[in-house]
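I have placed the structure first, in the form of structure tokens, so that the comments after it can refer back to it.
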Amino acid sequence: MNFIPTKLEDCFIIEPKIITDERGYFMESFNENTFEAGTGKRVQFVQDNQSFSSKGVLRGLHYQTGKHAQAKLVRVLKGEVLDVAVDIRPDSPTYGQYESVLLSGENQRQFFVPRGFAHGFLVLSETAVFFYKCDNFYNKESEGGIIYNDKSIGIDWNFPNENLIISEKDIQLPSLEKAKKVW
């Protein structure tokens, strides 16, 4: 696996080693020892989640607060998404900055989003199957979120706003300034 650091400390793009032959391909999508060696982080994942979405669906920006904060290892099994992480750690030099990466079933890239980051994605293909591992269990009372178009963050979704499909819950999320603090 190739671990590519991003401008946001502790976020990594991960490119797996894919072995192909006439039958198809094989890849190791996660190995605890390889992950720790590549990121310098020992993370124990405890929950896997999967979603199916159509083109234009934007999910996010979501996070968990306090002792329920979550790190996520995300990937796309089918289709293509623009995946985004926003640093919301109060003392971070990159607070309020974001990193985006194109994830697809074709490129098999993964994105590690550590605790202290808001996360979201936009489906670019007709449909997408999105899969992610979490290092902490979901806790409804600890939910946090930031509106996808917060001007202080300035995410370039590179998609027509009028074609976005956003849940009622997500469209009412606050700005970064008014959002729950991650800790």
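Each reported figure results from applying straightforward, stated rules to the coordinates on display, with no laboratory input. Keep in mind that this is a model prediction, so the values were computed, not measured. Reconstructed Cβ throughout: ideal geometry from the backbone, glycine too, with neighbour counts over all protein chains shown.
Treating region 75-138 as a set of equal point scatterers at the Cα positions, no solvent, please give the Debye-formula log₁₀ I(q)/I(0) at q = 0.17, 0.20, 0.24 Å⁻¹.
Each listed q maps to, in turn, -0.61, -0.79, -0.99.
So which of Lys72/Lys180; Lys133/Lys178; Lys41/Lys67; Lys17/Lys133 end up more than 26 Å apart by C-alpha?
Lys133/Lys178
Excluding Asn107 itself, what net charge comes from residues whose Cβ is under 9 Å from its Cβ, given Lys and Arg +1 and Asp and Glu -1?
-2
Let me check the size of region 1-105 from its C-alpha atoms; what are the radius of gyration and Dmax in Å?
That works out to 15.2, 51 Å for Rg and Dmax.
Which value in deg cm²/dmol, rounded to the nearest 500, describes the helix-derived mean residue ellipticity at 222 nm for the chain, given -39,500 (n - 2.57) per DSSP H run of n ≥ 4 and division by the residue count?
Rounded to the nearest 500, it is -1500 deg cm²/dmol.
For region 50-100, I need the span (max minus min coordinate) of the C-alpha atoms along each principal axis, in Å, sorted largest to smallest.
The principal-axis extents, from largest down, are 36, 23, 16 Å.
I want to check the label-to-label distance for Lys41 and Glu177. Put each point 7 Å from Cα in the C-beta direction and report it in nm to one decimal.
Placing both labels 7 Å beyond Cα along the Cβ direction yields 2.9 nm.
Find the percent of Cα-Cα distances in region 100-183 that exceed 19 Å, and round it to a whole number.
Result: 49 percent of Cα pairs exceed 19 Å.
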